[in-house]
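The values are calculated or read from the model by the stated rules, or taken from the named source; none is laboratory data. Please read these numbers as outputs of a predicted model, since none were measured by experiment. Cβ coordinates were reconstructed from backbone atoms using ideal geometry, including for glycine residues, and neighbour counts include every protein chain displayed. What goes into the accessible areas is simple: the full protein's heavy atoms, side chains included, and nothing from ligands, DNA or RNA. Shrake-Rupley method; radii C 1.70, N 1.55, O 1.52, S 1.80 Å.
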Amino acid sequence: MNRTGTSRRTFVTTAAAATAAAATATVGATPAQASAAAAGATDGPLSVAVLGGGVAGLTAAHELAERGFRVTVYERRALGGKARSMDVPDSARGARRPLPAEHGFRFIPGIYHNLPDTMRRIPFPGNANGVWDNLVAPAEMAFARTGREDLRIPLPWPGHRPAELTLDEIRRALTALLETAGSIPLHETAYFVNRFLVFLTSCDERRNRTWEATPWWEFLRAGRMSYDYQRILAVGLTRNIVATKAEEASTRTVATLLEAFAFNALGRGADGPLDRILDLPTNEAWIDPWVSHLTGLGVEFKVGWTVREMAYDAAGRRISAAVIEDPGGVRRSVTADHYISAMPVEHARRTWGAALRAADPQLARCDRLETDWMTGIQFYLTERAPLLAGHANLIDSPWSLTCIQQAHHWPTRDFPADYGDGSVVDCLSVDVSEWDVPGILYGRTAKQCTRTEVAREVWAQLKAAFNDTGRTVLKDGALHSWFLDPGVDGLGTPNPTNDDQLLIHPVGTFHNRPQAATNVPNFYLAGDYVAVDIDLATMEGANASARQAVNALLDRTASTAARCTVQPLFRAPELESLKRHDRLRYRLGLRNALDVG
């Protein structure tokens, strides 16, 4: 990807782009419209079918609608995709709302720039900066240890109020800090720092080739190191965060994320604090206002429509229709001038037939992209548990759990007055990243357990991490109910399924990620699997890829509309000379100058 945000494959606004526009504008158009499009004008706006209503699809619709295109979004299940929140069925009593649930808790760090830009452009009553003003910053995070004090880490930021601690909490925090400092030998700490500096000063060629082919576990020499080195620095930054095993995860992907977070913590190139979440359930704070805004811009939404196939006209070298099953199960051929596939990769690639794949080899390479399970479960509590004011990473848990208490961060909501039956005071939202390792309660993997057993096992692992040093913060008697993502089905059977998997990043993934622009002149890709600067399955990546897809469409139609901005990750200017030096060493076949092996 180049730094202007357009794909290397896109046509520029030249005679070539005008020729492409003449060819692509005819799909689903009358001869008169096609002729007008070739001349650079039409009887009406060009139509775009956006296939998928998650963050990528809604972003594409937003950018296109602002530029005058006629947009229809087709979504098989619910707008917002994996980012949405949802209601717990039959949980509301009286005038209260149903208990809020979600696929997984939202996390919008300061390293994001493109998504926050979109959020600022979504109106929200009383907010000068739209839904972006609904972002709040937790005061701390923690590595929750099993059998040891939890390591609590403050997250300072200008104007940020730190978490208030009791004397006992201060004692526990200092104990955890000293325990961790003593458990990772100084020479291992020095080695990790050296490896990070090696990556910081590595040129792009070394990152894209050598480090993309090197597992994070191997890069850190984790197999030779202490248990805490492995759990905190190797596993804690991979399986618990991006659902990829440290032994397989690409060093390029993991270290790029670590680099971005390090600069974010230093206030460099950041949109805001290191950790940000929404101050309401996701749909209330963001998705519903977004859909309302897009509807006002003229976007049409068709929910319950499932894309089955992209019909490819080999003679005309274009998509002739999208074959979509309507809510009644009837297959229809939907035509438009242009098509943006904004579905997750595991669903999108099922719609690409042999002829379409032959037209663009990068589509076939998407078959090599891998997904895995990272799914949320919520526990509703009748007592507020004194955990911490932020996210916790349970790095010793077999199922690689991360969690956060929601009610503390929703200041405009009186949880028992607004949700459920009036007895629930908090929601403990947990992400389960490891589904193939035996648990501590039943000795079975999560996939081998029933839904009820999964809930009991996760609860047991939470208690093992939080109730382990002389106090009970999670009480069985305070557990009101739980809700597991409905996208997971068939648990406890030989063939469990997950409708909402997560793209993972084993070595080599970077080279199989496609560009937003395809070789088919009226077909584009958007989603967190598309090649973008952040190189991670994130909402930011989904947003940036949609912007790239829209830019490619604008180029191919010779549009005079302003291109979408696509902001890359921050690059520290003081490191560029060191990277240039490393580029010379790389081309000479030498190691990075700081690499001690």
For segment 357-414, the Cα gyration tensor yields equivalent-ellipsoid semi-axes (√(5λ), largest first, whole Å) of 40, 16, 10
Over all directions, segment 236-350 yields a Cα convex hull whose mean projected area in nm² is 12.1 nm²
Simple spin-label estimate for THR497/ARG384, 7 Å along Cα→Cβ, in nm, reads 4.3 nm
To the nearest 20 debye, the chain has a Cα-centred charge dipole, built from +1 on Lys and Arg Cβ and -1 on Asp and Glu Cβ, of 1520 debye
Taking Cα atoms only, Rg over Rh for segment 62-101 with Rh from the Kirkwood formula is 1.21
Charge dipole of the chain built from unit charges on the beta carbon (Lys, Arg +1; Asp, Glu -1), centred at mean Cα; most positive-end Cα among ALA385, TRP305, THR375 is TRP305
Among PHE69, PHE263, ASN208, the residue whose Cα sits farthest towards the positive end of the charge dipole of the chain (+1 at Cβ of Lys and Arg, -1 at Cβ of Asp and Glu, taken about the Cα centre) is ASN208
For the chain, the Kirkwood Rh over every pair of distinct alpha carbons, in Å, works out to 25.3 Å
Shape descriptors of segment 347-501 over alpha-carbon atoms, Rg and Dmax in angstrom, are 19.0, 64
Rounded to the nearest 10 degrees, the helix 55-66 long axis (Cα) sits at an angle to the longest Cα principal axis of the chain of 40 degrees
Ranking ASP288, ASP595 from most to least accessible area with a 1.4 Å probe gives ASP288, ASP595
Taking only protein heavy atoms and a 1.4 Å probe, the highest-to-lowest accessible-area order of SER320, SER341 is SER320, SER341
Taking Cα atoms only, Rg over Rh for segment 424-579 with Rh from the Kirkwood formula is 1.12
The rounded separation in angstrom of the Cα centers of segment 415-472 and segment 531-597 is 39 Å
In whole percents, the bins of 10 Å from zero upward hold the Cα-Cα pairs of segment 188-241 as 24, 53, 23, 1
Rounded to the nearest 500, the 222 nm mean residue ellipticity computed for the chain from DSSP H runs (n ≥ 4, each -39500 (n - 2.57)) alone is -8000 deg cm²/dmol
Quick calc: nm separation of the 7 Å Cα→Cβ label points for ASP87 and TYR227 -> 4.7 nm
Of 395-407, 363-375, 563-575, ordering from highest average Cβ density within 10 Å down gives 395-407, 363-375, 563-575
To the nearest 20 debye, segment 444-531 has a Cα-centred charge dipole, built from +1 on Lys and Arg Cβ and -1 on Asp and Glu Cβ, of 260 debye
About its Cα centre, segment 260-353 carries a charge dipole, from +1 on Lys and Arg Cβ atoms and -1 on Asp and Glu Cβ atoms, whose size in debye to the nearest 20 is 460 debye
Going through LYS82/LYS447; LYS82/LYS245; LYS82/LYS579 one by one, the pairs whose alpha carbons sit over 31 Å apart turn out to be LYS82/LYS579
In the chain the DSSP beta bridges are antiparallel at a rate, in percent to nearest 5, of 70 percent
Over the Cα atoms of segment 91-162 the radius of gyration and the largest Cα-Cα distance (Dmax), both in Å, equal 16.9, 47
Restricting to Cα pairs under 8 Å and 6 or more apart, the percent relative contact order of the chain works out to 25 percent
Using alpha-carbon coordinates alone, the radius of gyration and Dmax of segment 306-416 in Å work out to 22.3, 65
